Amino acid sequence: MLRMELALFFVVVFLSLVFFSAKRKYTSLHNTFSAILVMMMVHLVFDGATLYTVNHLDSVPKLLNDILHRFFIGTMVIIVYLFYRYVATLIQEEIGSGSRLDFIAKVFLAGTMLCVMLLPFHYVKTPRGNYSYGVLVIVCYVTIAFYLVLCAWFLFKNWRRLHSKKRFAIGMALLIEIIVWILQTFNPTWLISGMGLTLMTLSFYLTLENPDILRGQIVEQKMSMLYLKSQVNPHFLYNTLDTIRIQAQINGDKKVADLLMRLVDFFRLSVKVDRQMVPLDDELELLEAYMELMCYRYPEIVCTYDIDPDLGGAPVPNFILQPIVENSLLHGLKNKGYRGEVTITAKKALKQDCMEILVTDTGSGFAEGVKEKIDMLLMQYDKQPAKLEGNSIGILNVQKRIKLLCGKDCGLSYTENTDGGVTAKLLLRIGDME
């Protein structure tokens, strides 16, 4: 049995090395999984130590045996609690709402840890091996069952709202641990709790935390961004060039040169795909070039900016504002004959280390039923394949890239203005500013 614990320890060490060496943004979900990996390594050390001492009761001092055993039980309870936190965070990120049971789970953990330090237990000797039993062990089993029930309840309550991959990961992890919990309960000499926890860790790692999967998502998003940038609406290009041509025929004034310069600026900036993140000032420079051209084509469009000067150096995902502003023009102001105002606002958000970019238009607003479809599209962004055509390619790819680069608690959302028009809100993480 000690060989198995040693093998499990090296498996978890290997997973940890791969996991921590991968370049990623550590969200609360990834931080929880990091804590699981660290605690698993600690737990397996105590698991191996107690496996030896419990089978050498005559040669190992009882005090040492008791201390090691309490650490073994305590780390096991903490790991199962962390699995509960991982599942709760995973579901919260998916459905956008937290659980009211988090406080109860923390109180339960604190009470159990107090029991681990104080409650008595004893050792049972059998021909097939020795094991520990008593009030403390019973409390441990009850606590594990409590957290498994919570996880199962979360899973079935939100079954239809969860992505199939996440349902599979949670379901497999729960099934493995429940089977091991039952086997260990009825066969206490088997001592397979470490194997169950390791298999739970593996089920989440292989399906949700594998760096290769994350790298594949990044590649997919890069390809989507490249395609999006290569598909700048050709009608915009042709109409703008035609506007310049007509103006040149009428008179060759300086305005023509300015328009050409802005067109050159726009395409020069829009083809920069080597960086995922750019300063907000660079993103606004591209947007200003685009809007100057559009406002010349449609003189009754007014564009205003209200930008917090402290945010100019804040990194934002490259090429996210132009698709949103273009939607405001084509789906908002178009129905008003391209008359109205577009306002771009950037300010610090109430959420710590975040900022909000608002794109507000005075257009016609959403047609009936459209907002609900867009809300569903943005909410279930990870269930949508990368689109190469269609009206929603812009906002879908913007949403996917914000979630990937800024974290799942950030993203794009839409609201209807009380006085008409629509506001697009981009919640972005500020990060480190130069």
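The values are calculated or read from the model by the stated rules, or taken from the named source; none is laboratory data. None of these values were measured; they are calculated from a predicted model. FYI the Cβ positions are ideal-geometry reconstructions off the backbone, even for glycines, and counts take in every protein chain you see. Keep in mind that these areas ignore ligands, DNA and RNA; they rest on the heavy atoms of the full protein, side chains included. Shrake-Rupley method; radii C 1.70, N 1.55, O 1.52, S 1.80 Å.
Would you point out which residue out of L37, L63 is assigned to a helix (DSSP H, G or I) and open to solvent by less than 20 Å² (accessible area, probe 1.4 Å)?
Details: L63 fails: open to solvent by less than 20 Å² (accessible area, probe 1.4 Å).
Result of the check over L37, L63: L37.
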Point to revise | Subset of the stretch 326-358 (residues that are closer than 25 Å to E300 by Cβ, out of contact with any Asp or Glu (no Cβ under 8 Å at 6 or more places or on another chain) and of a type in the set (D, E)) | key: E326
**Study point:** All positions within the stretch 395-434 that are open to solvent by 40 Å² or more (accessible area, probe 1.4 Å) and part of a loop (DSSP other than H, G, I, E, B)
**Key:** K408, D409, T418, D419, G431, D432, M433, E434
Practice item. Determine if the stretch 13-27 includes at least one residue that is touching a helix residue (DSSP H, G or I) at 6+ places or on another chain (Cβ under 7 Å), at pLDDT 90 or above and surrounded by fewer than 17 Cβ atoms within 10 Å (Cβ to Cβ). Key: yes
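Listed residues N335, N327; which is part of a helix (DSSP H, G or I), out of contact with any Leu (no Cβ under 7 Å at 6 or more places or on another chain) and under 15 Å from K425 (Cα atoms)? Write out each step before concluding.
Numbers: N335 fails: under 15 Å from K425 (Cα atoms).
Of the residues listed, the single one that is part of a helix (DSSP H, G or I), out of contact with any Leu (no Cβ under 7 Å at 6 or more places or on another chain) and under 15 Å from K425 (Cα atoms) is N327.
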